[in-house]
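Q: Structure in structure tokens, see below.
The values are calculated or read from the model by the stated rules, or taken from the named source; none is laboratory data. Model, not experiment: these values are computed from the prediction. For neighbour counting, all protein chains shown are included, and Cβ atoms are generated from backbone atoms with ideal geometry for every residue, glycine included.
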Amino acid sequence: SAVISQKPSRDICQRGTSLTIQCQVDSQVTMMFWYRQQPGQSLTLIATANQGSEATYESGFVIDKFPISRPNLTFSTLTVSNMSPEDSSIYLCSVGTGLTTEAFFGQGTRLTVV
Amino acid sequence: ILNVEQSPQSLHVQEGDSTNFTCSFPSSNFYALHWYRWETAKSPEALFVMTLNGDEKKKGRISATLNTKEGYSYLYIKGSQPEDSATYLCAFKGVDSNYQLIWGAGTKLIIKP
């Protein structure tokens, strides 16, 4: 199992600004995943963060908008840059332990952009 | 495009009643089906990871069934309690998704005392 501490838990931000979300895992993991859930929508994978290499972004997400850092095997950050109201979502970090085992999540960051 | 659909979107259930809801997923190249419970201000928490057609899993008052040939899974809650109020998410993992989890939008369950 894994315990993930994610912060901030919520924030209200002005459009045009940036917010960095942090996730700390209590064990070393190879891959960390960043998700977004817009209101009424499914969890959508933004990117996969591997330690020591650039993050892999899913279609529709770009590094300039969502830069990710992964300085070591227990920590990652996601920045939401130049925010607009459309970025208002819940952002979640996650680690998965294998093909047939469960995923573990941080508590989520509820972001409102005004 | 791989779609995972959950129904209903939301559900109000009287305390003590039993309920169930559905997750539909691609029926080809199946690998695993996950169920999670997501309570407000908490992390999503895994309920079940199911891999075999016909599988049935149970955790307390909650159980799930899996039909990979027709691409659906049911989640059942027996004797609903207020603490069951949460959003229930399912996620599909398959060869065509490159083994990434593809999520449904969730069923929001509200238990009325």
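Q: Which one of these is exposed (fewer than 14 other Cβ atoms within 10 Å of the Cβ) and at pLDDT 95 or above: A:Pro39, A:Pro8?
A: Values: A:Pro39 fails: at pLDDT 95 or above.
Testing whether each residue is exposed (fewer than 14 other Cβ atoms within 10 Å of the Cβ) and at pLDDT 95 or above leaves just A:Pro8.
Q: Going through A:Ser69, A:Ser59 one at a time, which residue ends up being more than 10 Å from chain B (Cβ to nearest Cβ), outside any loop (DSSP other than H, G, I, E, B) and surrounded by fewer than 21 Cβ atoms within 10 Å (Cβ to Cβ)? Don't jump to the end; show me each part of the working.
A: Working: A:Ser59 fails: outside any loop (DSSP other than H, G, I, E, B).
When all the criteria are applied, what remains is A:Ser69.
Q: Let me ask something else. Filter the stretch A:79-91 down to the residues that are farther than 16 Å from A:Gln38 by Cα and in contact with a strand residue (DSSP E or B) (Cβ under 8 Å, 6 or more places away or on another chain) and list them by number.
A: First, pick out the residues of the stretch A:79-91 that are farther than 16 Å from A:Gln38 by Cα: A:79, A:81-82.
Correct list: A:Thr79 only.
Q: Let me ask something else. Grab the strands (runs of 3 or more DSSP E) fully contained in the stretch B:67-113, keeping just those with 2 or more residues being more than 14 Å from chain A (Cβ to nearest Cβ) and buried (at least 18 other Cβ atoms within 10 Å of the Cβ).
A: On the way: elements: B:72-77, B:86-94, B:101-103, B:107-112.
Fully inside the stretch B:67-113 and qualifying: B:72-77, B:107-112.
Q: Does the stretch B:36-48 contain at least one residue that is exposed (fewer than 13 other Cβ atoms within 10 Å of the Cβ) and away from chain A (no Cβ under 13 Å)?
A: The first filter runs over the stretch B:36-48 and keeps only residues exposed (fewer than 13 other Cβ atoms within 10 Å of the Cβ), leaving B:40-42.
Narrowing further to those that are away from chain A (no Cβ under 13 Å): none.
For the stretch B:36-48, residues exposed (fewer than 13 other Cβ atoms within 10 Å of the Cβ) and away from chain A (no Cβ under 13 Å): absent.
Q: Name the single residue, out of those in the stretch A:72-108 being within 14 Å of chain B (Cβ to nearest Cβ), outside any strand (DSSP E or B) and under 22 Å from A:Arg10 (Cα atoms), that is farthest from the chain's Cα centre (by Cα). Don't jump to the end; show me each part of the working.
A: Within the stretch A:72-108, the first condition is being within 14 Å of chain B (Cβ to nearest Cβ), and the residues that meet it are A:89-108.
Subset that is outside any strand (DSSP E or B): A:97-102, A:106-108.
Okay, now just the ones that are also under 22 Å from A:Arg10 (Cα atoms), so A:106-108.
Numbers: A:Gly106: 9, A:Gln107: 11, A:Gly108: 9 Å.
Restricting to residues being within 14 Å of chain B (Cβ to nearest Cβ), outside any strand (DSSP E or B) and under 22 Å from A:Arg10 (Cα atoms), the top hit is A:Gln107.
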